[in-house]
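First comes the structure, then the notes that go with it.
Derivation of every value follows stated rules applied to the coordinates shown; laboratory data play no part. Everything quoted here is computed from the prediction, not taken from an experiment. For neighbour counting, all protein chains shown are included, and Cβ atoms are generated from backbone atoms with ideal geometry for every residue, glycine included.
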Amino acid sequence: MRRFFAAVRNDVLLQFRGGFYVVGVLVAVLYVGLLSGIPSSWPLDLPLLVPAALLINVMVTTFYFVAALVLLEKSEGTLPALAVSPLRPGEYLAAKVVSLAGLAIGENGAVVVFFYGIGFDPLWFGVGMSLLCALYTLLGVAVIARFDSINRFLIPSIFVVTLLLLPLLSLFGAVDSPVIYLHPVQPFATLIVAAFTPARAGELVYGVFASLVWLALAYAAGRRAYERLVSA
């Protein structure tokens, strides 16, 4: 546990030094401004718009931020040193998840409280957000391991992000097919939506168990990526 907490502390320091917290505050303010400026005649209400905004915003704070962290560690020569350090792959990945999830949940929680006060379910918000942060972070590690610079990463990442955000089509009613429940982000989206609108027990069971299955697969991909990074 001492190694894990040391890794979390190091990640938080890197994020602070890299200006991630400043960016997080600015993005939260931007989302509040955008959502506040939507006219009342808009056909979609806050119980749909806020979860959609969360799915997109968490992507920035986890998927893209972890990519920046890994590239920073690579440029500083930290990653090769991890191959001979006592820090285990699971501890490295968990530290990334915990540090970025803390930032993402704080940032997006502020947006939710601004609009809802305490009028939402904090349990499902916390569960859904925590699991989604873990998924995006692990996938970010898996994807960035293939690239040596942010410029090479950006264009392919847009394709990946577009695929990951397909559940937004279901959320907005553009897609009405049970096939969407096979999408890796759909169970996480189901849990987050449950924080704002009532959900059936079956939906919550699906959300929790399917999320854990996809997290296990993402962890396996992240671990393989870690081994590639430290051996490069």
Cα long-axis angle, helix 150-164 against the chain (0 to 90 degrees, to the nearest 10):
40 degrees
Express in whole angstrom the spacing between the alpha-carbon centres of the stretch 165-232 and the stretch 62-103.
23 Å
Using only the alpha-carbon atoms of the stretch 117-179 as identical scatterers, what base-10 log of I(q)/I(0) does the Debye formula give at q = 0.15, 0.17, 0.22, 0.27 Å⁻¹?
-0.69, -0.82, -1.01, -1.10
Thinking of the chain as a set of Cα atoms, what percent of all their pairs are more than 33 Å apart?
17 percent
Among V84, V205, V111, which one shows the biggest mean-square fluctuation in a GNM of the chain, springs joining Cα atoms closer than 10 Å?
V84
Going by average Cβ neighbours within 10 Å, how do the peptides 156-162, 219-225 rank, with the highest at the top?
219-225, 156-162
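I need the peptides 25-33, 130-138 ranked by packing, meaning the mean over residues of other C-beta atoms within 10 angstrom, with the highest value on top.
Values: 25-33: 14.6, 130-138: 25.7.
The densest-packed peptide leads the list: 130-138, 25-33.
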Under the Karplus relation with 6.51, -1.76 and 1.60 and θ = phi - 60°, whole-Hz ³J(HN,Hα) for the stretch 132-141, x at Gly and Pro, equal 5, 4, 5, 4, 4, 5, 5, 5, x, 5
Taking only Cα atoms of the stretch 172-232, radius of gyration then Dmax in Å:
15.1, 48
Out of L30, Y219, G117 - ranked by how far each Cα lies towards the positive end of the dipole of the stretch 2-231, with unit charges on the beta-carbon of charged residues - the top one is Y219
Between E76 and A110, with labels modelled 7 Å along Cα→Cβ, what's the label distance in nm to one decimal, could you check?
2.4 nm
Per residue of the stretch 7-18, in order, report the coupling 6.51 cos²θ - 1.76 cosθ + 1.60 (Karplus, θ = phi - 60°) as ³J(HN,Hα) in whole Hz, putting x for Gly and Pro.
5, 4, 4, 5, 5, 4, 5, 5, 5, 5, 5, x
